[in-house]
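*Asks:* One structure follows; several queries about it will come next.
All of the numbers you see were taken from the coordinates with simple rules; none came from a lab. Since the structure is predicted, the reported quantities are computational estimates derived from the model, not experimental observations. Backbone-built Cβ (ideal geometry, glycine too); neighbour counts: all protein chains shown.
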Amino acid sequence: MGRRSTDLGMLPGMPDTVGGHPEKADAPPPARTLDEAIARAHEIIGEALDRFPIVARQALMSGGNDSTVLAHLVRPYLDSSEHDAIVHVNTGIGIEQTRQYVRDTAAGWGLPLRELHPRDSYDALVLGRVIARTGPNAGRRQVWMGFPGPAGHRVMYRRLKDEPLQRNRAAILGSAGRSRKVLYLAGMRWDESQRRFRNAAEIDPQGGIVWCSPIVHFTNAQMHEYRRRYGLPCNEVADLLHMSGECLCGAYAKPGELDEIEAWYPNTAYRIRSLEKQAADLGIKNCRWGQKPAGATIKPGSVAGRLCSSCPAPTPGQTDLFDTWAKQGLITAEQTSKLAGATAPRAA
Ligand code: SF4
């Protein structure tokens, strides 16, 4: 079913809807004012708490501006047990300023923060130093080698994001995953993308985890209005790069993305380029970050991983961020053409 995309210019107080019928919703969401959308968010959380034996409530905060809204809205629920907290997955390959933004925001709101780290580092994966622990290759073969393209995304998502969350769940529940659950409150929304429109659900139980997306029905305009109404902080990384930057596996990087990162966050780019050099010195074939290996294709909507919304595959005709920055007066015409030249495809 077709759907419209919401208008950011909607007047505050007016009702709005994502339009259409998201596949995992019982019925098309009605138009709601922001207050009604907030009330619905609390109903969703209440339903999750009623239906499942929740022993820990954790709000996932990537550092993207949507995750700030989510964390702000669910603050009253994060004081029922010692495990309740804002949770940030520090993937080890991201922009430090985003991590600091999450730390500062949680501290500013007086909320406990759990920073989770993956067992296997991104560098070890790229350099082929992570040996399979289970399966037919256990103890014999690497699970991955080289910088990932789309085909490597699943490995990266599982190792960098999912594994720390699953380990966190296991540490809380032990073997009692049937009788006790961890509630992960996340900021997925139907209005984010076509993929989210198809896949996101209000409540989605999965083993010992109950995934809950209280703001799933919020439109882009309502997110805007919420941020304005409550004067929420913004992550400058998200504003400058249009992504939260907490996870830079590069599987879905668009051409020139590393140069864009370098323009604002040179330390992060330097760290990635150093890893490129290490990979090249070891003779690893895919030794360039964000470069799709030859023959790899990006299937529309192929991004897997429920927490990967900030890394959609580049869409045909996607406008370059440099143009946006130039229009916003952040860089001069001269800097624009210099940056554009720097991001022209490099010789292999
Ligand atoms: S695609 Fe994006 S969010 Fe997903 S693992 Fe890679 S960098 Fe992280």
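*Asks:* Sort PHE147, PHE218 by Cβ crowding within 10 Å, fewest neighbours at the top. Don't jump to the answer; show the numbers that get you there.
*Replies:* Working: PHE147 28, PHE218 32.
Arranged by neighbour count, lowest to highest, PHE147, PHE218 become PHE147, PHE218.
*Asks:* In nanometres, what is the gap between the two model label sites at GLU43 and ARG178, each 7 Å from Cα along Cα-to-Cβ?
*Replies:* Taking the simple label geometry, GLU43 and ARG178 are separated by 3.4 nm.
*Asks:* Do any GluC sites (Glu not before Pro) in the range 17-113 lie in a loop, going by DSSP, with at most 13 other beta-carbon atoms within 10 Å of their beta carbon, and if so which? Intermediate results must be reported in sequence, preceding the final value.
*Replies:* Numbers: sites: GLU23, GLU36, GLU43, GLU47, GLU82, GLU96; in loops: GLU23, GLU82.
Loop-located and lightly packed - GLU23, GLU82.
*Asks:* So for the pair ASP123, ALA138, with labels modelled 7 Å out along Cα→Cβ, what separation do we get in nm?
*Replies:* 2.9
*Asks:* Starting from 0.36 nm per residue, how many nanometres of slack lie between ASP104 and LEU232 once their C-alpha separation is accounted for?
*Replies:* On the way: separation 128, 0.36 × 128 = 46.08 nm, distance 1.25 nm.
Gain on extension, ASP104 to LEU232, equals 44.8 nm.
*Asks:* Taking each pair of different alpha-carbon atoms in the range 34-248 once, compute 1/r for the pair, average those values, and report the inverse of that mean as the Kirkwood hydrodynamic radius in Å to one decimal. Numbers along the way, then the final one.
*Replies:* On the way: mean 1/r = 0.0549 Å⁻¹.
So the Kirkwood estimate lands at 18.2 Å.
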